[in-house]
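Every read-out reported here was derived from the displayed coordinates using simple, explicitly stated rules and does not represent laboratory data. Note that the coordinates shown come from a computational prediction; the quantities given were computed from them, not determined experimentally. Cβ: placed from backbone, ideal geometry, glycine included. Neighbour counts: every protein chain shown.
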Amino acid sequence: MDKDLLRFDKKSTFVFCDFETYNLCLNFAHNRPWQAGLIKVKGNKIIDSLDLHIKWDTKLKIGEEAARITKYSESNFRKRCIDHKKAFKQMSPWLDKCDYIVGHNFLGFDIYLLKGYYETMGKDYSHLVGKIIDTNCLARGLKYEIPFRRGNGKLTQEELLLYQYKIMNTKRRRVRSNLESLGREYTIDHDYDTLHDALSDLRLNMKVWNKLKLQIEI
Amino acid sequence: MEKEGSSEKDGPDSIVDIAKENELEEVFLVDDCMGGFLEAYTNLAEAKIKLIFGVRLTVCEDCSQKNEGAINTSSKYVILCRNKRGYERLIKIYSQAAKEGFYYEPRIDFTELKKSWSNEDLILAVPFYDSFVFYNNFSSRNCIPDFSFCNPVFFTEDNKLPFDKILLSLVQKYTKEQSYQERKCKSVYYKDKAHFKAYLTFRCINNRSSLEKPELNNMCSDTFCFESWKEIANG
């Protein structure tokens, strides 16, 4: 059974994904992702990456706080941005075809933006949900000392998803699990000054996942 | 629940108007308290529409316990009136929940609920979200239902939320095992999908948050509306 653990998996494709958005609303009625970062990983190696700046036909503007945190630059954005349809064409095959989608707080935030994006493009997003590995949930599960209990046989999407939701909906005070604090806690070597750039965040996310997967029986 | 003809072009829609426009013969109104009943009953009766009224209530293990532990045994139920006697029973149940069981919100437990119960007058429904099935599987709560005195109906919905499919399968598994009835339904909070932003604004005001940071869990779907119900009803 141990051979089935994800820590030994060299064949599956993991796509790490992170959105930078105009604000923290979960619906396209008042939010859009302006940057999507994706890295494709197989057997602990990054095999490809995407850094997409996404242009939308909308009057929505990036909020002051979001711009400050993500170091958003209008001129840089204008130079690099591509139409949202073009960005979707590049991004969606990665997500559709991969075995796992990994993100930090992906179940609590990014999945809702992905839902909006897919629906705007007239596509169903539901096949993505079962592939999600949310490192925020897994890290919190360890801190809460609520272990993941795998059923007999191979890991199922449903049991992993329910475990992650259980942790996500369990709030405890004074538990820090943001990427930076986890990185420092695990003494992960990373250029922490570049955080909040999508690809830098994802590289740290990958390193955190590499630590987490050794501690959890998935 | 304003009178027929009171909807404003850029203002709130009256449920009576929506029901009338769509030739509905009956309306299920589920409130969080008893306060809306009289207006709803009067205005719908004037429009010759039948009202089936219900209250969404928190049921916990022991409503005399007023602490954080008690919250971990709480989940939502909908109590619907079948008739006038049901309404009288519901007033009793709600009064007790608001007076004796209150802890952040009106609450009752199954022991107390049983005392005022009659299957001839009331229906116990388990909502799709915030139910014991949801909390027991998607959170660390431990809610133990007691259906020994009633025959509950389980509502199911599809609002394209990320966890809808998995929740549906859990509800279906439970109802199949226990031979309980399931009813496909749709929670309606506003008229059209296009009104979602206005609804979200309203919720943010109540939540003392902003559109930029609503802090409302899972508030991602614009299908909690009459327009979506119509799409389903029309196949």
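Odds and ends about this structure:
- Distance between the pseudo-spin-label points of B:ASN67 and A:GLN215 (7 Å out from Cα toward the beta carbon): 3.0 nm.
- Taken as Cα centroids, region A:61-78 and region B:1-69 sit 44 Å apart, rounded to the nearest whole angstrom.
- Cα-Cα over 23 Å, subset of A:LYS89/A:LYS123; A:LYS85/B:LYS230; A:LYS143/A:LYS166; A:LYS115/B:LYS213; A:LYS154/B:LYS76: A:LYS85/B:LYS230; A:LYS154/B:LYS76
- FRET efficiency, 1/(1 + (r/R0)^6) with R0 22 Å, evaluated for B:ARG82 and B:SER179 via beta carbons: 0.55
- Helical contribution to [θ] at 222 nm, DSSP H n ≥ 4, -39,500 (n - 2.57), averaged over the protein assembly as shown, rounded to 500: -11000 deg cm²/dmol
- Theoretical FRET efficiency, 1/(1+(r/R0)^6), r = Cβ-Cβ of A:ASN76 and A:SER181, R0 25 Å, to 0.05: 0.35
- Inter-label distance, A:ASN152 to A:LYS86: 5.5 nm, where each label sits 7 Å from its Cα along the C-beta direction.
- Among beta bridges that DSSP assigns inside chain A, antiparallel share in %, nearest 5: 70 percent
- Cross-link partners of B:LYS50 among lysines (Cα-Cα below 16 Å; sequence separation of 8 or more within a chain): B:LYS3, B:LYS20, B:LYS84
- Averaged over B:137-145, number of beta-carbon atoms from partner chains that fall within 10 Å: 3
- Model label sites at B:PHE202 and B:GLU100, defined 7 Å from Cα along the beta-carbon direction, differ in position by 3.4 nm.
- Overall form of chain A per C-alpha gyration tensor (a/c, 1.5; a/b vs b/c): prolate
- Against the main long axis of the alpha-carbon atoms of chain A, helix A:157-168 sits at an angle near 80°.
- Mean partner shielding of peptide B:214-221, defined as the number of other chain Cβ atoms within 10 Å of each residue Cβ, is 5.
- Counts of other chain beta carbons within 10 angstrom of each beta carbon in peptide A:104-116 average 2.
- Working from Cα pairs under 8 Å separated by at least six residues, relative contact order for chain A is 24 percent.
- Of interest is the spacing of the C-alpha centroids, which for region B:122-181 and region A:164-218 amounts to 33 Å.
- Positive dipole terminus of region A:2-212, leading residue within A:HIS104, A:LEU142, A:MET206 (C-beta point charges): A:LEU142
- Full extension of the chain between B:LYS114 and B:SER6 gives 34.9 nm of extra length, using 0.36 nm per residue less the Cα-Cα distance.
- Placing R0 at 35 angstrom, the Cβ-Cβ distance between B:ALA45 and B:LEU168 gives a FRET efficiency of 0.45 after rounding to 0.05.
- Under 5 Å, built H, 5+ apart or other chain: amide partners of A:TRP34: A:GLU20, A:THR21, A:TYR22
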